[in-house]
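Novice: I'd like to ask you about the structure that follows.
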Amino acid sequence: MAKKKDTSITPGMQKYITLNNKYLAKRDRYINKEVKKWKFDTIAVHGLYSVNDAIEDYQGAIIEPIFMSTAQAYRDSDEMAAALAYKIPTWCYSRIANPSTYYYEWTLALLEGYGFKGKTSCCSTSSGMSAIMTAVQPFLIVKKSATEKRNFVATAQCYGGTFQQFTIRLMQERNIECRWVLDATNIDEWASKIDENTRFLYGELPSNPQLGFFDIKEVADLAHSHNLPLIVDSTVATPALLRPICHGADIVVQSATKSLTTSGFGVCGGIIARKDLICNIDDDQLKTDFSLFVKYLQNRDFGPNLHPMQAVMTMNDMRTLRSKMDMLSRSTMEISQFLEGHPDIESVHYLGLPTHPLHDLASKYMWLVDAEHDAQYGMPVNRYGHLMSFCVKGGVPKTRKFFDNLQRIWRATDLGRIKSVATIPAISTHQQQGEAGRKLANIPPNMVRLSVGAEHPTDIIADLDKALRKAKKK
């Protein structure tokens, strides 16, 4: 059957569509013939900003320009009409897009899709929380019938903000059920939560702060057997250590504020999706290019846009991602080994420790990207990230004394910083979900979360040891 001609396209609009199709084809060739052949570090440094871009368009600027403009001007009415009908690439208004955010999105899509044979795309957001909202919202909007009870399945071990968004914003305010998986390693528990009204599966790994983990491929296969997408929050690992899309996940959520950046200069998020994703929502645009779908439609109207200044600052932090995650992982391993043998520590939660019950499972998936091509290693190397948690002996009073005695380690709710930061989740990041919610997620009141920074591990160990010794004194 012949395809119907779009009568809304004028000859003037068609001129711009043809011109931009040539541009897109040229960019695709550049990606497939050159960029896809680069190693991870090269993609992180350059993304899709080329020497030709710089010389032809931006007066030779080596670093991507920051487009501090709210809107884009058009050559004539035909170009404007084609752009606002989304027939040609456009940024038109910075609530929808911006050239600076494009460079950030293209880079992050390539990094999360590194090693994946298919195509990935990215939609930037103003924060990690807006990234989660952006990722889950499209699957929950449409009700298939007036009586349908929509639900989704998610790991109970997750960031406190995620727990609040799912529990309060979705369950209580919109009557959309979140079915919590308590043991994410139990595929039968995942399967038991799925029914004909389930819209997606959601998991965080490694989880914050408990360091929970699950078998990504196994859960992805389960989701796909029910024609459902798997959404994964991979903030703690970053694509330097874990790329869920390569193992079957459909969408990845990143709070780029955290591990991707380390500087702590601003808040930033992103969702990265494989193209032609699997889902039970009858919408071809959503399935074909999910990231573009949410950018041009959902986020255009909701407005969780990323500032161009923050987009470029985030990109600058991402350029050295692999080497930073390697260094921070090695330091965290040394610190976790010290704490594991400390007489004042009840338990240590770090996936790199062979004693951790999920160590073998994490070792299946968490690898330093391109270590086999690195002169330093020359072989595959496991790395487990910069986040760990531990429980202090003596309950809440000793835990609070220890925490208050830290000098080198900062007391804050942040993580992924270049400086080491600690918090007590029960009174900070997970306070609002209440005692019952924390028990569900296995967060005891004497747990301390430590995000290890780039200081020498000897100095961090000394600070921890001194604080623990002081906490013992009456």
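Novice: From the list K119, K87, exactly one residue is under 21 Å from the mean Cα position of the chain (by Cα) and charged (D, E, K, R). Which is it?
Specialist: Numbers: K87 fails: under 21 Å from the mean Cα position of the chain (by Cα).
Exactly one of K119, K87 is under 21 Å from the mean Cα position of the chain (by Cα) and charged (D, E, K, R), namely K119.
Novice: While we're on this one: Please go through the range 212-246 and give me each residue that is in contact with a helix residue (DSSP H, G or I) (Cβ under 8 Å, 6 or more places away or on another chain) and either on the phi > 0 side of the Ramachandran plot or assigned to a helix (DSSP H, G or I) (or both), ordered by number.
Specialist: Once the filter is applied, which keeps residues that are in contact with a helix residue (DSSP H, G or I) (Cβ under 8 Å, 6 or more places away or on another chain) and either on the phi > 0 side of the Ramachandran plot or assigned to a helix (DSSP H, G or I) (or both), the range 212-246 yields I216, K217, E218, V219, A220, L222, T238, P244, I245.
Novice: Which ones in the range 366-384 are out of contact with any Leu (no Cβ under 6 Å at 6 or more places or on another chain), modelled with pLDDT of 95 or more and surrounded by 14 or more Cβ atoms within 10 Å (Cβ to Cβ)?
Specialist: Residues satisfying the conditions are W367, L368, V369, D370, A371, N382.
Novice: Same structure, new question: Can you tell me which residues in the range 69-91 are out of contact with any helix residue (DSSP H, G or I) (no Cβ under 7 Å at 6 or more places or on another chain), in a loop (DSSP other than H, G, I, E, B) and of a type in the set (S, T, Y)?
Specialist: S69, T70
Novice: For the condition closer than 28 Å to I216 by Cβ and in the same structural domain as N197 (by TED's automatic domain parsing), what is the one hit in K143, K117?
Specialist: K117
Novice: From (1) at pLDDT 95 or above; (2) over 25 Å from V421 (Cβ atoms); (3) not aromatic (F, W, Y), pick out the condition that doesn't hold for S207.
Specialist: (2)
Novice: Being assigned to a helix (DSSP H, G or I) and farther than 13 Å from I43 by Cβ, is that true of even one residue in the range 106-127? Full working, then the answer.
Specialist: Residues of the range 106-127 assigned to a helix (DSSP H, G or I): 106-112.
Now drop any that are not farther than 13 Å from I43 by Cβ, which leaves none.
The answer is no, given that none of the residues of the range 106-127 is assigned to a helix (DSSP H, G or I) and farther than 13 Å from I43 by Cβ.
Novice: Out of the residues in the range 5-60 that are closer than 24 Å to L241 by Cα and polar (S, T, N, Q), state the one that is nearest to the chain's Cα centre (by Cα).
Specialist: Among those residues, the one meeting the criterion is T42.
Novice: Give the residue that is surrounded by the fewest Cβ atoms within 10 Å (Cβ to Cβ), with candidates limited to residues of the range 385-425 that are of a type in the set (D, E, K, R) and within 15 Å of M325 (Cα to Cα). Give the steps one after another, and end with the answer.
Specialist: Start the filter on the range 385-425 by keeping residues that are of a type in the set (D, E, K, R), which leaves 393, 398, 400-401, 404, 408, 411, 414, 417, 419.
Adding the requirement that they be within 15 Å of M325 (Cα to Cα) leaves 417, 419.
Numbers: R417: 21, K419: 16.
Ranking the candidates gives K419 first.
Novice: Separate question: Could you check the range 185-206 and list, in sequence order, the residues that are surrounded by fewer than 24 Cβ atoms within 10 Å (Cβ to Cβ) and assigned to a loop (DSSP other than H, G, I, E, B)?
Specialist: T185, N186, K193, I194, D195, E196, N197
Novice: Quick one: in the range 440-473, which of the residues that are part of a loop (DSSP other than H, G, I, E, B) and among the β-branched types (V, I, T) is nearest to G394 (Cα to Cα)? Full working, then the answer.
Specialist: Here is the first cut: in the range 440-473, the residues part of a loop (DSSP other than H, G, I, E, B) are 441-446, 452-456, 473.
Remaining after also requiring among the β-branched types (V, I, T): 443, 452.
Numbers: I443: 16, V452: 24 Å.
The qualifying residue nearest to G394 (Cα to Cα) is I443.
Novice: Just one of D6, D28, D41 is closer than 23 Å to S121 by Cβ and surrounded by fewer than 16 Cβ atoms within 10 Å (Cβ to Cβ); which is it? Walk me through it before giving the result.
Specialist: Numbers: D6 fails: closer than 23 Å to S121 by Cβ; D41 fails: surrounded by fewer than 16 Cβ atoms within 10 Å (Cβ to Cβ).
So the residue among D6, D28, D41 that is closer than 23 Å to S121 by Cβ and surrounded by fewer than 16 Cβ atoms within 10 Å (Cβ to Cβ) is D28.
Novice: Sticking with this one: Of all strands (runs of 3 or more DSSP E) completely enclosed by the range 343-424, which ones contain at least 2 residues that are within 20 Å of the chain's Cα centre (by Cα)?
Specialist: On the way: elements: 345-349, 387-392, 421-423.
So the answer is 387-392.
Novice: Determine, yes or no, whether I96 is touching a residue at least 40 places away in the same chain (Cβ under 8 Å), part of a loop (DSSP other than H, G, I, E, B) and within 22 Å of the chain's Cα centre (by Cα). Give the steps one after another, and end with the answer.
Specialist: Values: touching a residue at least 40 places away in the same chain (Cβ under 8 Å): yes; part of a loop (DSSP other than H, G, I, E, B): yes; within 22 Å of the chain's Cα centre (by Cα): yes.
Judged against the criteria, I96 is a match.
Novice: Answer yes or no as to whether D188 is farther than 22 Å from A441 by Cα, modelled with pLDDT of 95 or more and of a type in the set (D, E).
Specialist: Working: farther than 22 Å from A441 by Cα: no; modelled with pLDDT of 95 or more: yes; of a type in the set (D, E): yes.
Taking the combined requirement at face value, the residue does not satisfy it.
The values are calculated or read from the model by the stated rules, or taken from the named source; none is laboratory data. Computed from a predicted model, the values in this text were never measured in an experiment. Here Cβ is always computed from backbone atoms with ideal geometry, including for glycine, and neighbour counts include all displayed protein chains.
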